[in-house]
Each structure stands twice: as C-alpha cells, then as structure tokens.
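Engineer: Questions regarding the structure given below will be posed in turn.
The values are calculated or read from the model by the stated rules, or taken from the named source; none is laboratory data. Everything numeric here is computed off the predicted structure, so don't read it as measured data. Using ideal geometry, Cβ is built from the backbone for each residue, glycine included, and neighbour counts are taken over all protein chains shown.
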Amino acid sequence: MSTWSSRRKYLYAFIVIVVLALAATGIIFSFFYEAPSCTDNKKNGDEQGIDCGGSCTKLCSNAFLAIPSPSWVRFKEVGPKLYNIAAYIVNPNKKAGANKIPYHLSVLNNEGFELASSEGIFDLPPGRNTMVFIGGLRVANQVPVRAIFEFTKQPEWVPGVDTLANLDITDKNYRESTTESSLDVTLRNRDPLVVRNVAVYAILKDKDGNVLDFSRTIVDEISSQGTGIAPFTWPVSHLGKVISLEVLAVPE
C-alpha cells in the first residue's frame, strides 16, 4: 500500500510540475512572441516580402511596374508673375494604385536657379493616368525656362480597381474666338450608382503633339445613367493651333 501511495504522490507531483511548466511556457511565449504584422519590418505570416504581399495591403515590388519620371512638365503664364503648372503622370498598372505620393516642384531660370517651388501630395488611381495641377504659382522677377517635378518618396502600391470604369467621355466641344478659348467635355455615367467628385483635366495640343495649354475642373455629380458637363475656359485665343485634345478623368 505504501508503495502505491508513494507512486500516486509522485504521479500527482509530476502532473503538477507538467502543468506549471506548460503554464510558464505559455506565459514566456506570450511575453516574447510578436504576432506577424505588416509594419514589423520582417517577412513573416503569409507575406511575400518584407511587410508586403499576402494579407498586407502594400504590394511587393515584383507585383507592379514602377512609375517613370513624369511624361512631361509644362508651365503657362496666367497673370503677372503667376503660372499654372502641370505634370503628366502615367500609371502603367491596371490593377494597382498609390495614394498620397509626395512631390517637389522647382521652377528654374536659364542658369538653373530656383525661382519658385511647391510641395504636395497626389493620388494615382488604378489603371488611370493623371495630372498634377498647380494653379497660380507666383514666380520671382525672372522668366522661367523649365520646371522639374520629382517624387520625394517612392509610391506604396496597393491593389485596386478603376472606380470610373463606367464613366465615358462622349464629346469634346472646343471653340475659340480672337480673345478666348473654351471646351465643354461631356461625360456619361453607365454605372447604376451616382458618381461624385470627378477631377477632369484638359490638355490642348498642336499638330506635332506639343502641349499648348491645360486646365482642370471638378464635376460634383453625375447621376446614374446620366451625363455631366466639364467646362473649361481660357482667356486667350490659341490662334487655330489646337489640333487634338486629351481629357483625363480621375477620382478627386
């Protein structure tokens, strides 16, 4: 009897020790263990790279095409020492976009001296090109000869779809007189939902494809299966040089 009693005590003691050891292991594990996240600077969980791919919102670099430098940057005098500036940005990714991309713009004289600058952020929607438009930038008492537009941080790409895929540009009615020019762009919404806050950019080009002028406007709302007009005006005549028009519509 004493032998069985002793064995039973040893068994109970062993069970207690195992339970305590497991509890201690759990406490230690929970204290030191860090659950995989998309911001821990490590490749873990189902990530395909460091903090990218898998369940992370950010795409890995091998999942998208990088943005080249802006296709072009142009400026246009709109008043004494005031210039509108546009940078045309191409998105080569049909199913990926980037938000809040920071940029720096410099306006230079013929000696490369910076006359004015501007900084900001812009969004690049999936599957769509866009234009960064800076209106009424004041420039110093010299004539600018070029502008440089640079990304100050590489875009962080996220998967997405074109939210304006059902928005069509059905008409572009350009007119000009000896003193002014105007353009009415008609947009048709094939979506069953109302489309709101659409930024529309107009680019006027000559016979050689050179940019003559540009502008930006906002269409507040286009009803389901309805149409909306994006109006543009310029207080100058383009002297019959406008041969082609390009219109970009992007979410505001």
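Engineer: Would you mind telling me which numbered condition in (1) assigned to a strand (DSSP E or B); (2) touching a residue at least 24 places away in the same chain (Cβ under 8 Å); (3) within 27 Å of VAL242 (Cα to Cα) ASN197 fails?
Structural biologist: (3)
Engineer: Still on this structure, I have one more. Does ASP220 qualify as being part of a strand (DSSP E or B) and free of Cβ contacts under 8 Å to residues at least 60 places away in the same chain?
Structural biologist: Numbers: part of a strand (DSSP E or B): yes; free of Cβ contacts under 8 Å to residues at least 60 places away in the same chain: yes.
Considered against the rule, which asks whether it is part of a strand (DSSP E or B) and free of Cβ contacts under 8 Å to residues at least 60 places away in the same chain, ASP220 comes out as yes.
Engineer: Identify the single condition in (1) of a type in the set (Gly, Ala, Ser); (2) within 21 Å of GLU252 (Cβ to Cβ); (3) not in a strand (DSSP E or B) that GLY209 does not satisfy, given that it satisfies every other one.
Structural biologist: Exception for GLY209: condition (2).
Engineer: Moving to a separate point now. Say whether the condition of being closer than 30 Å to ALA66 by Cα, of a type in the set (A, V, I, L, M) and in contact with a strand residue (DSSP E or B) (Cβ under 6 Å, 6 or more places away or on another chain) is met by at least one residue in segment 229-236.
Structural biologist: no
Engineer: Of all strands (runs of 3 or more DSSP E) completely enclosed by segment 54-111, which ones contain at least 3 residues that are under 14 Å from the mean Cα position of the chain (by Cα) and not acidic (Asp, Glu)?
Structural biologist: Counting at least 3 such residues, we get 82-89, 96-108.
Engineer: In the list SER181, SER215, SER177, SER224, which residue meets the criterion of being out of contact with any helix residue (DSSP H, G or I) (no Cβ under 8 Å at 6 or more places or on another chain), more than 23 Å from LEU124 (Cβ to Cβ), crowded, with 16+ Cβ neighbours inside 10 Å and not charged (D, E, K, R)? So that I can check it myself, show each step before the final result.
Structural biologist: On the way: SER215 fails: more than 23 Å from LEU124 (Cβ to Cβ); SER177 fails: crowded, with 16+ Cβ neighbours inside 10 Å; SER224 fails: crowded, with 16+ Cβ neighbours inside 10 Å.
Result of the check over SER181, SER215, SER177, SER224: SER181.
Engineer: Please work out if PHE113 is under 30 Å from GLN142 (Cβ atoms) and either hydrophobic (A, V, I, L, M, F, W, C) or at pLDDT below 80 (or both).
Structural biologist: Criteria met by PHE113.
Engineer: Any chance you could count how many residues in segment 219-252 are closer than 11 Å to ILE169 by Cβ and among the hydrophobic types (A, V, I, L, M, F, W, C)?
Structural biologist: Summing the residues that are closer than 11 Å to ILE169 by Cβ and among the hydrophobic types (A, V, I, L, M, F, W, C) in segment 219-252 gives 5.
Engineer: Does segment 112-152 hold any residues that are closer than 14 Å to TYR83 by Cα and not in a strand (DSSP E or B), and which are they?
Structural biologist: VAL139, ALA140, ASN141, GLN142, VAL143, PRO144, VAL145
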